[in-house]
Amino acid sequence: MRHTLFLALAFAVCATASAQVPANIEAQLLKIGQVVDPSCTAKLYRPLMPMSDFNTYWPPDAPSPVSTAPLYPGVTITRDQSFGPNAKDVLDIFVGEKGGSSRPVVIYVPGGGGNKVEQQVRESNAFYDNIGRWATKNGMVGVTVQRHPGSGNWDDGGRDISVAVDWVRDNIAKYKGDPGRMVIWAHSAGNGPLGVYLGHPERWKNGVQVKGAIFMSGNPVPGVGGAPGGGAGRGAPAGNPAGSTCGADANMGSNNGRIAGPSGQTAPAGFGGGRGAGAARGGFGGPLTPEQQTERDNLPGFKKTPVKIALAWAELDPGVMNATMPANAVALHDELCKIDGPAAKDGKGHCPEMWMLKGESHMSEVFSLDTSDQIVARPVLEFVKKAK
């Protein structure tokens, strides 16, 4: 019964912590349905963004940046900072003019193909700068990390995150960030690598260096619970082809949004959209021996970690039914809460917070940052403030 009680509390938190998705956008999200649709979702949120975006700095097909002028007044951006040996090992750092010299740090790990700038359509190139800007407006340093495809080892994704976090820890003080107050936030396919990172501290040179971890719309611990069940929530149509509701390209991996530079990518022929299920499985492809299963299991590390955890899903995520948390999230929550016994309390000790993001979709939950839509921004900000 514990998770049933918690769900009621989670709804209350969401209801009191924010207003709601703007009515005109909410109607369009319902029309899009419970699918992963960066293109059409970006068109809804792009008008709420600043006039200038990433393309002002590095236009489509330009071989190098064409502007050195600040895109966003009061925000300094360090672009494409290398953190590792791979050419795709780059991150962006956002620092506001105002604030102290030791600010909390939010590290964002994207889903999809792992690019720190969304690639599905040109409208999307305003993202994920929105997360960096939002961080600066709330007294934090924002870091958006780019992931690169692994070489086939099951822990490649976690290792990539480890190298990035270590670089941030060692260098963020130069950008007015506090290395002792870092929170990492993964979305969609980014949950797999972050789950491996948090679940296997013994594999990384410096262990796990963050104080908090937010897992949004993805399963960081395969094998616990199940995938989200089928069915639609709130009567939303479930099954519109991506792009069909706004006339965008239905192939989310098309080259229509391609930009140059380290953040650019070329979609392979036949590439289709999706939530990065392979990454969400944490590299559990193919039959595994019992020894391999034990080696790759994230759960023991999650049970031991002192890192505070939040598990979040959107009401319009694919498979979410009637605005209730998926079985895998509830099962992981309950497994971790068991450690603290009958006195377990969500957000305390080992027991994670759980957020059901009312009115949001798989993409709007991250595209909504730095807009009037506060459904996601409020709980994320409160989580960062508490993670010390």
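The values are calculated or read from the model by the stated rules, or taken from the named source; none is laboratory data. All figures in this text were calculated on a predicted structure; none of them were measured in a lab. Note that each Cβ is placed from the backbone with ideal geometry, even for glycine, and that neighbours are counted across all protein chains shown. Each accessible area value is taken on the protein alone, full model and side chains, heavy atoms only, with ligands, DNA and RNA left out. Shrake-Rupley method; radii C 1.70, N 1.55, O 1.52, S 1.80 Å.
Residues in the stretch 121-174 that are acidic (Asp, Glu) and in contact with a strand residue (DSSP E or B) (Cβ under 9 Å, 6 or more places away or on another chain): Asp129, Asp160, Asp170. Taking (1) open to solvent by 20 Å² or more (accessible area, probe 1.4 Å); (2) more than 19 Å from the chain's Cα centre (by Cα); (3) at pLDDT 90 or above; (4) more than 20 Å from Asp373 (Cβ to Cβ) in turn, Gly99 satisfies each apart from (3).
Exactly one residue out of Asp317, Asp346, Asp340, Asp373 is among the acidic types (Asp, Glu) and over 26 Å from Val21 (Cβ atoms), and it is Asp340. Within the stretch 370-378, is there a residue that is more than 14 Å from Met216 (Cβ to Cβ), open to solvent by 10 Å² or more (accessible area, probe 1.4 Å) and of a type in the set (Asp, Glu)? Yes, the stretch 370-378 contains at least one residue that is more than 14 Å from Met216 (Cβ to Cβ), open to solvent by 10 Å² or more (accessible area, probe 1.4 Å) and of a type in the set (Asp, Glu).
Residue-wise test of (1) part of a strand (DSSP E or B); (2) under 15 Å from Val105 (Cβ atoms).
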position	(1), (2)
Asn130	no, no
Gly152	no, no
Ser162	no, no
Asp166	no, yes
Pro179	yes, yes
Trp185	yes, yes
Tyr197	no, no
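Of all residues in the stretch 99-117, those satisfying the criterion of being more than 11 Å from Gly132 (Cβ to Cβ) and outside any loop (DSSP other than H, G, I, E, B) are Arg103, Pro104, Val105, Val109. Taking first residues from the stretch 282-294 that are more than 17 Å from His200 (Cα to Cα) and of a type outside the set (S, T, N, Q) and partners that are outside any loop (DSSP other than H, G, I, E, B) and at pLDDT below 90, the Cβ contacts under 8 Å between residues at least 6 apart in sequence or on separate chains come to Gly285/Gly278. Of the residues making up the stretch 33-50, not one is open to solvent by 10 Å² or more (accessible area, probe 1.4 Å), within 13 Å of Ala314 (Cβ to Cβ) and part of a helix (DSSP H, G or I). The set of residues from the stretch 379-388 being within 16 Å of Ala312 (Cβ to Cβ) and assigned to a loop (DSSP other than H, G, I, E, B) comprises just one member, Ala387. Within the stretch 160-178, the only residue that satisfies the criterion of being β-branched (Val, Ile, Thr) and either free of Cβ contacts under 8 Å to residues at least 40 places away in the same chain or open to solvent by 30 Å² or more (accessible area, probe 1.4 Å) (or both) is Val163. All conditions but one from (1) touching a helix residue (DSSP H, G or I) at 6+ places or on another chain (Cβ under 8 Å); (2) at pLDDT 95 or above apply to Arg122; the one that does not is (2).
Taken over the stretch 72-84, the residue count meeting the criterion of being surrounded by 17 or more Cβ atoms within 10 Å (Cβ to Cβ) and part of a loop (DSSP other than H, G, I, E, B) is 3. Is it true that Leu332 is open to solvent by less than 10 Å² (accessible area, probe 1.4 Å), part of a helix (DSSP H, G or I) and in contact (Cβ under 8 Å) with a residue 60 or more places away in the chain? Criteria met by Leu332.
When the residues of the stretch 335-378 are filtered to those that are within 20 Å of the chain's Cα centre (by Cα) and assigned to a helix (DSSP H, G or I), the one that is farthest from Cys40 (Cα to Cα) is Arg378.
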